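So the structure is just underneath, and the comments pick up after that.
The values are calculated or read from the model by the stated rules, or taken from the named source; none is laboratory data. Note that the structure is a prediction, hence the values are computed from the model and not measured. Glycine also receives a Cβ, built like all others from the backbone with ideal geometry; neighbour counts cover every protein chain displayed.
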Amino acid sequence: MKYWLISDTYFNHTKLEEWGGRSGDWQDRMKKGMMQIPSEDTLIHLGDVCIGNDAEVHTFFQSLKCKKILIRGNHDNKSVAWYLEHGWDFVNDGFWIEFMGRMILLSHRPMHPDMWCF
């Protein structure tokens, strides 16, 4: 099993092209890449999934075959239950993961590791 990390996708954010941050087909390219994640792997999204039209965007994530973990960001304002009902397998504001013998804190917001126990 592999872990795939992504963050700040901002699907449906109308200003990203205007501000010069992303080109015209960025949403399609991100979705195409995520659709290639094998079913035995896990996608971890570190927050700020979309800006508006949440149900449509999360329907896309629901269609992915892999496991999906959402670490909510400052723009992910729905309840944990809402995200679970819309295809996410696990939702939280952060969690620890072990990698190569080290504990890594995954979160969207900056935080001191002493705030989280494991």
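When LYS32 is tested against (1) over 14 Å from PHE11 (Cβ atoms); (2) outside any loop (DSSP other than H, G, I, E, B); (3) out of contact with any strand residue (DSSP E or B) (no Cβ under 8 Å at 6 or more places or on another chain); (4) among the charged types (D, E, K, R), just one condition goes unmet, and that condition is (1).
With respect to the conditions (1) in contact with a strand residue (DSSP E or B) (Cβ under 6 Å, 6 or more places away or on another chain); (2) assigned to a helix (DSSP H, G or I), ILE44 lacks only one, and its number is (2). Scanning region 55-79 for residues that are surrounded by fewer than 20 Cβ atoms within 10 Å (Cβ to Cβ) and basic (Lys, Arg) yields LYS65, LYS67, LYS78. Residues of region 51-73 that are within 12 Å of the chain's Cα centre (by Cα), touching a residue at least 40 places away in the same chain (Cβ under 8 Å) and either within 11 Å of LEU84 (Cα to Cα) or not in a helix (DSSP H, G or I) (or both): GLY73 alone.
Candidates in region 33-54 are the residues that are among the charged types (D, E, K, R) and at pLDDT 95 or above; of these, the one that is surrounded by the fewest Cβ atoms within 10 Å (Cβ to Cβ) is GLU40. For region 82-92, does any single residue satisfy the condition of being exposed (fewer than 12 other Cβ atoms within 10 Å of the Cβ) and touching a helix residue (DSSP H, G or I) at 6+ places or on another chain (Cβ under 9 Å)? No. The residue of region 1-25 that is farthest from GLY73 (Cα to Cα), among those that are in contact with a Ser or Thr (Cβ under 9 Å, 6 or more places away or on another chain) and modelled with pLDDT of 80 or more, is MET1.
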